[in-house]
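The values are calculated or read from the model by the stated rules, or taken from the named source; none is laboratory data. On a predicted model such as this, the values are computed, not experimentally measured, just so you know. Here the Cβ positions follow ideal geometry from the backbone for every residue, glycine too, while neighbour counts run over all protein chains shown.
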Amino acid sequence: MLELHRAGHIRLPAKKWFVNNPFVNRKRPAKVTTDQSRVDGKLSDIKPLQFCQVRRTASEKLFNSLIEHYHYLGYCHPVGEQLKYIVYSQQRPIACLAWSSAPRHIGCRDRFIGWSAHSRKEHIHLLAYNTRFLILPWVRVDCAASHILARMAKIVCQDWQTIYSHGIYFLETFVNKQHFAGTCYKAANWIYLGDTTGRGKNDQTNKANRSIKAVWGYPLSKHFRTLLSSEAP
């Protein structure tokens, strides 16, 4: 009926009430002032780096603000299991990374792992998805991004076990091919798995309706296929 109304074929009465959707009406993170003086030089100049998991801490607002105002996608409230990290150099934030539960189905990833539909359903929680990776725009240090990714792989695995009481065996991310080449992931030994279909998880048309993204993965164990494909008794 709503489609008929919009097309002008019928006229519906005015809406009497509106349902509040807290996710749609969620306030965007406010801008937090931080030191934006240029950081450049060699990787050794900014070491040591401190990786701080900030979800449910006083620093989470800073993380949300940096992602909202300096990442090209902005901030999106994650769902499911999730962790947020700020990387500091000399007490200054230089990077942010967000991790969350993995998408339920990615064709090239599923083929790479080699799991059945049942195994995917049973073990999808053992993957973590890198939803955001931000090197702050005033940071210009060669190899910083790949170094952070390499360090992060070990840290997020340990923290996931501590916080959610189960390990993770595979990391994944999407890279928008219109904007990036995935160079830092390749330099950190991530594996290019293929491209998305551009159709989204609820597609009913079998036609691309969004940008094609490269899928990159990083096994956390040499036995990851066995660990992710074992059938429950």
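Worth pointing out:
- Options ALA58, ALA7: the member that is under 24 Å from the mean Cα position of the chain (by Cα) and either under 30 Å from ALA214 (Cα atoms) or free of Cβ contacts under 8 Å to residues at least 40 places away in the same chain (or both): ALA58
- The residues on offer are SER165, SER211, SER230, and the sole one that is of a type outside the set (Lys, Arg), modelled with pLDDT under 95 and farther than 18 Å from ARG104 by Cα is SER211.
- Checklist (1) surrounded by 13 or more Cβ atoms within 10 Å (Cβ to Cβ); (2) assigned to a loop (DSSP other than H, G, I, E, B); (3) of a type outside the set (Asp, Glu); (4) touching a helix residue (DSSP H, G or I) at 6+ places or on another chain (Cβ under 9 Å) applied to PRO78, failing item: (4)
- Filtering SER146, SER89, SER165, SER101 for residues that are among the polar types (S, T, N, Q), touching a helix residue (DSSP H, G or I) at 6+ places or on another chain (Cβ under 8 Å) and more than 16 Å from PHE51 (Cα to Cα) leaves a single hit, SER101.
- Among the residues making up segment 186-208, a single one is surrounded by fewer than 18 Cβ atoms within 10 Å (Cβ to Cβ), aliphatic (A, V, I, L, M), at pLDDT 75 or above and outside any helix (DSSP H, G or I): ILE191.
- Being assigned to a helix (DSSP H, G or I), small (Gly, Ala, Ser) and either at pLDDT 95 or above or in contact with a Gly (Cβ under 8 Å, 6 or more places away or on another chain) (or both) is a description that does not apply to ALA128.
- Odd one out for LYS154 among (1) among the charged types (D, E, K, R); (2) surrounded by 13 or more Cβ atoms within 10 Å (Cβ to Cβ); (3) under 27 Å from SER44 (Cα atoms): (2)
- Residue match in segment 134-151 (condition: at pLDDT 95 or above, buried (at least 17 other Cβ atoms within 10 Å of the Cβ), in a strand (DSSP E or B) and hydroxyl-bearing (Ser, Thr, Tyr)): no
- Only residues that are among the β-branched types (Val, Ile, Thr) and closer than 24 Å to ALA150 by Cα were counted across segment 32-56, and they come to 3.
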